[in-house]
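The values are calculated or read from the model by the stated rules, or taken from the named source; none is laboratory data. Predicted model only: the values in this text are computed from it and were never measured. Positions of Cβ are generated from backbone atoms using ideal geometry, with glycine treated the same way; all protein chains shown enter the neighbour counts. Ligands, DNA and RNA are excluded from the accessible area calculation, which covers all protein heavy atoms including side chains. Shrake-Rupley method; radii C 1.70, N 1.55, O 1.52, S 1.80 Å.
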Amino acid sequence: MEIFDYMGKKGYEQLAMYSDAAVGLKAIIAIHDTTLGPACGGTRIWNYETDEEAIWDALRLARAMTYKAAAADLPLGGGKAVIIADSRTQKTEAMMRAFGRFVDTLGGRFLATTDVGSTGRDMEYIRQETKHVVGLPTSAGGSGDTSIMTGLGVYMGLKACAREVWGSDSLNGKKIAIQGFGKVAFQYAHHLLKEDAHLVVTDVFDDALDRARDMGIEVVEPEQIYDVACDIFSPCALGGSLNKNTIPRLQARVVAGGANNQLETEEDGEELKRRGILYAPDYLINSGGIINLSAEIGSAYNRDLAREKTERIYELMGRVIQVSRQEEISTARAADRIAEERLASVRAIKTLYRPR
Ligand code: NAD
């Protein structure tokens with residue numbers, strides 16, 4: 001599909017490109033929707049094979065951010081930046097500062113933050129050139145490591161699911177199979193262990209598995225995780241792990257985890273519903289990270305406020321379950337609907353009160 005056709009159909013506002021050959025910067029910022037506030041999104045630094053691939057990735061990821069911010073009740077829109085480069089060998093201070101100047105040209109319509117390939121240190125470089133950046137390290141007055149709140153949010157979302165399925169939000173004695181034991185899963189596991197849940201984890205890296213063993217957690221091979229007899233399956237690795245091949249193997253009654261884009265296709269959300277498995281929409285329960293970042297905007301970062309807002313994922317998940325039940329739709333669709341309704345209502349008010 002042509003880019004303008006796609007942008008028009010899916011409601012994109014802007015696609016900006018910036019080049020600074022002197023520092024090797026090739027950057028793209030996609031802004032999907034700013035109805036609720038400035039578009040906030042990560043800066044993905046990736047060695048895309050073609051410019052086109054980078055543009056489509058920026059567009060796709062920007063739209064997902066609109067839904068995430070809208071469903072999490074944040075005053076933020078959706079956007080995404082991508083830089084075409086190898087973050088390990090080509091990223092420099094000069095490149096990040098040039099990118100900061102690009103962000104500044106958008107006058108606050110886009111707030112940059114970290115993503116695959118970019119770090120809190122990079123945000124500090126960007127901050128030298130623009131104030132429109134969040135996700136700075138705590139040493140620079142920022143909100144620091146997002147995985148702490150993401151892990152808390154996933155835990156709160158899971159508790160809301162447990163209340164629906166077992167009549168109590170206690171996770172005591174529940175068997176939880178966790179796929180991927182990285183930063184988010186590590187934080188999340190601490191909350192689960194405090195409730196005496198029984199964890200089984202897998203990862204593709206031995207150091208991650210050793211970390212799990214040190215915490216007294218049972219580990220299995222990556223392919224075995226789908227077949228673990230458990231109450232809850234928790235994808236915390238990469239996207240696409242819920243699909244037509246893996247869903248029939250699941251024995252859990254709840255699927256809730258931190259990974260982005262867990263469902264390979266929309267149909268997989270419907271399939272989980274058909275099988276009576278309660279699915280916690282990924283972008284809703286993993287929104288603790290962006291909630292944490294939002295607590296950096298406009299005033300000094302306040303960790304207690306970020307924590308309080310992240311804990312509200314429990315109520316948000318409860319609302320998704322309620323809408324899914326009332327409308328007889330999947331929870332994935334219910335979360336989208338809540339986000340779309342919020343966007344539509346704010347858009348309507350803005351249109352009504354637009355200065356003439
Ligand atoms: P991470 O890289 O620290 O952890 C991911 C772990 O998954 C790694 O240990 C990796 O080895 C493992 N893994 C990869 N493929 C695997 C496979 N096939 N089987 C088993 N393990 C596998 O990343 P993270 O920050 O913990 O993020 C995890 C997921 O959560 C990602 O999908 C990310 O996009 C999403 N997410 C993270 C945050 C955050 O605040 N960090 C916020 C929202 C969403």
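Nonpolar atom fraction for the chain, defined as the carbon and sulfur part of the 1.4 Å probe accessible area, stands at 48 percent. Cα-based radius of gyration for the range 180-300, normalised by 2.2 N^0.38 Å, reads 1.11. Each label point was placed 7 Å from the Cα along the Cα-to-Cβ direction; for TRP166 and ARG347 their separation is 4.1 nm. Normalised by the number of residues in the range 2-142, the mean separation of alpha-carbon contacts (under 8 Å, six or more apart) gives a relative contact order of 25 percent.
Per residue, the convex hull spanned by the Cα atoms of the range 108-185 amounts to 138 cubic angstrom. Charge dipole (Cα centre; +1 on Lys/Arg Cβ, -1 on Asp/Glu Cβ; no other charges) of the chain amounts to roughly 1180 debye. Its relative contact order, with pairs defined as Cα atoms under 8 Å and 6+ residues apart, puts the chain at 15 percent. Picking from ALA85, ALA39, LEU272, whose Cα lies most toward the positive end of the charge dipole for the chain (charges on Cβ: Lys, Arg +1; Asp, Glu -1)? Projecting each Cα onto the dipole axis, the largest value belongs to ALA39. Only protein heavy atoms count here; under a 1.4 Å probe, VAL346 has an accessible surface of about 40 Å². When each full DSSP H helix of the chain is screened for a Cα extent of at least 24 Å along its own axis and an average Kyte-Doolittle hydropathy of at least -0.5, the helices passing are 51-71, 147-166, 331-352.
The residues of the chain expose, per residue, 46 Å² of accessible area to a 1.4 Å probe.
The distance separating the Cα centre of the range 41-92 from that of the range 288-337 comes to 21 Å. Summarising the overall dimensions of the chain from its C-alpha atoms, the Rg and Dmax are 20.2, 65 angstrom. Set the Cα radius of gyration of the range 26-160 against 2.2 N^0.38 Å, with N its number of residues, and you get 1.03. Ordering THR146, THR35 by accessible surface, largest first, gives THR146, THR35; the 1.4 Å probe counts only protein heavy atoms, with every chain in place.
Pick out, from ALA185, LEU209, ALA237, the residue whose Cα sits farthest towards the positive end of the charge dipole of the range 149-270, with +1 on the Cβ of Lys and Arg and -1 on the Cβ of Asp and Glu. Towards the positive end, the residue furthest out is ALA185.
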